[in-house]
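What follows is a set of notes on a single structure, which appears directly below.
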Amino acid sequence: MRRYVLKRVLLGIVTFIVVSMIVFIAARLSGDVALLLAPQEASEEDIQAIRVQLGLDKPIPVQYYVFMRNSLHGDFGESIRYSQPAMRVILGRLPATLELGSAGFLMSVFLGILFGVFSATRRDSYLDWGGKIFGMLGQSMPGFWVGIMLILLFGVELGWLPTSGHGGIKHLILPAFSVGWFSITAVMRLTRSSMLDVLDSEYIKMARIKGNPERVVVWKHALRNALIPVLGMAGMQLAFLIGGVVIVETVFRWPGLGSLIAEGVFSRDYSLVQAGVFIISGAIIVINLLVDLTYGIIDPRIKYE
């Protein structure tokens, strides 16, 4: 077990280093930051002084070392757009993203498991075929497109729900459903497949022979064992949700981390973008690590593979 954990932790560290290199290189390839910060009337000497101040005159390996050292201390520099430390701006928007991501995750797990169980217990019925079609559509439609369709239907045509902003529960419904759309169908399809395998097992047949009500057989005996692969996949879907929240927040003008990164990209606020990407990447790596460790606990055979 210790070797398995160490292997996964080292893999997470390597992944984080690779991500940091990509962020560092992308920032350097996007243009000269000194030219962006310098006023229009600045001379070449003034621009060079800004490069020296930012450490851009040093060799690339030295710049990367300084970048990593400062990043690990939470220092990503000052945001050009907001004129304050980038990390402070990020932390101010983080609660809204956590709210949206949590709502989308809970919605995807609850609805995905519920639809999957109903589909499995009514195999080859109209409900089951409808679930299959819904699952295929969900896997082929991106969340931001679903969000736009929801805005047009429930916001513009029917006027039932607000189409943008951050407030009460009404503001959360459409963006949360859009964020969790892909995961709902993924969890539903895996739950259905897992439930079908469990429902055909001998101990489920024995539970029925003993006279247990069908709801007890399904929800207590079958679902408990069918959830083992679903829980692991749900963790991976949580990492997917964090990455997909960027576009959805932009569509719904949700004041979270994703929309903030989009603003930083359009305004070339590299400090803001780097801080946001680091936070999201770190969260995804940690979640994937926890999922791997959870799999190792649930299924001991994984430790030796």
Exercise. Only one of (1) closer than 17 Å to F110 by Cβ; (2) over 14 Å from the mean Cα position of the chain (by Cα); (3) of a type in the set (F, W, Y) is not met by W181, so which one is it?
Worked result: (2)
For this session: Check off (1) more than 16 Å from V248 (Cβ to Cβ); (2) part of a helix (DSSP H, G or I) for G159 and give me the number that stays unchecked.
Result: (2)
Problem set entry | Which listed residue is in contact with a strand residue (DSSP E or B) (Cβ under 8 Å, 6 or more places away or on another chain) and surrounded by 14 or more Cβ atoms within 10 Å (Cβ to Cβ), from A96, A120, A86, A103 | A86
Seminar exercise, completed: Just one listed residue, out of V246, V217, is assigned to a helix (DSSP H, G or I), closer than 25 Å to G92 by Cα, β-branched (V, I, T) and at pLDDT below 80, and it is V246
Problem set entry | Among the residues listed as Y270, Y203, the single one being within 27 Å of H73 (Cβ to Cβ) and among the hydroxyl-bearing types (S, T, Y) | Y270
Exercise. Is it the case that region 136-149 has a residue that's modelled with pLDDT under 85, among the aliphatic types (A, V, I, L, M) and more than 30 Å from R224 (Cβ to Cβ)?
Worked result: yes
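For the structure I just gave you, tell me whether Q48 is among the polar types (S, T, N, Q), modelled with pLDDT under 80, more than 22 Å from the chain's Cα centre (by Cα) and over 14 Å from Q274 (Cβ atoms). Spell out the reasoning first.
Numbers: among the polar types (S, T, N, Q): yes; modelled with pLDDT under 80: yes; more than 22 Å from the chain's Cα centre (by Cα): yes; over 14 Å from Q274 (Cβ atoms): yes.
In short, yes.
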For this session: Would you check if G211 is over 30 Å from E249 (Cβ atoms) and either of a type in the set (F, W, Y) or modelled with pLDDT under 85 (or both)?
Result: yes
Seminar exercise, completed: When (1) touching a residue at least 60 places away in the same chain (Cβ under 8 Å); (2) not in a helix (DSSP H, G or I) are applied to L190, the one that fails is (2)
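For every residue, the table says whether it meets (1) in the same structural domain as P255 (by TED's automatic domain parsing); (2) closer than 30 Å to G256 by Cα; (3) part of a helix (DSSP H, G or I).
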position: R123; (1), (2), (3): yes, no, no
position: L150; (1), (2), (3): yes, yes, yes
position: Y203; (1), (2), (3): yes, no, yes
position: G211; (1), (2), (3): yes, no, no
Exercise. If the Cβ limit is 9 Å and pairs must be 6+ apart or interchain, which residue in region 15-35 that is surrounded by 15 or more Cβ atoms within 10 Å (Cβ to Cβ) and modelled with pLDDT of 85 or more pairs with which residue that is acidic (D, E) and not in a helix (DSSP H, G or I)?
Worked result: none
Exercise. Taking into account only those residues within region 162-186 that are among the polar types (S, T, N, Q) and not in a helix (DSSP H, G or I), which is surrounded by the fewest Cβ atoms within 10 Å (Cβ to Cβ)?
Worked result: S164
For this session: Considering each residue of region 51-73, count those that are modelled with pLDDT of 80 or more and in contact with a Leu (Cβ under 9 Å, 6 or more places away or on another chain), and give that number.
Result: 1
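The values are calculated or read from the model by the stated rules, or taken from the named source; none is laboratory data. This one's a predicted model, so the numbers in the text were calculated from it and none came from an experiment. A quick note on method: Cβ atoms are made from the backbone with ideal geometry, for glycine too, and the neighbour counts reach across all protein chains shown.
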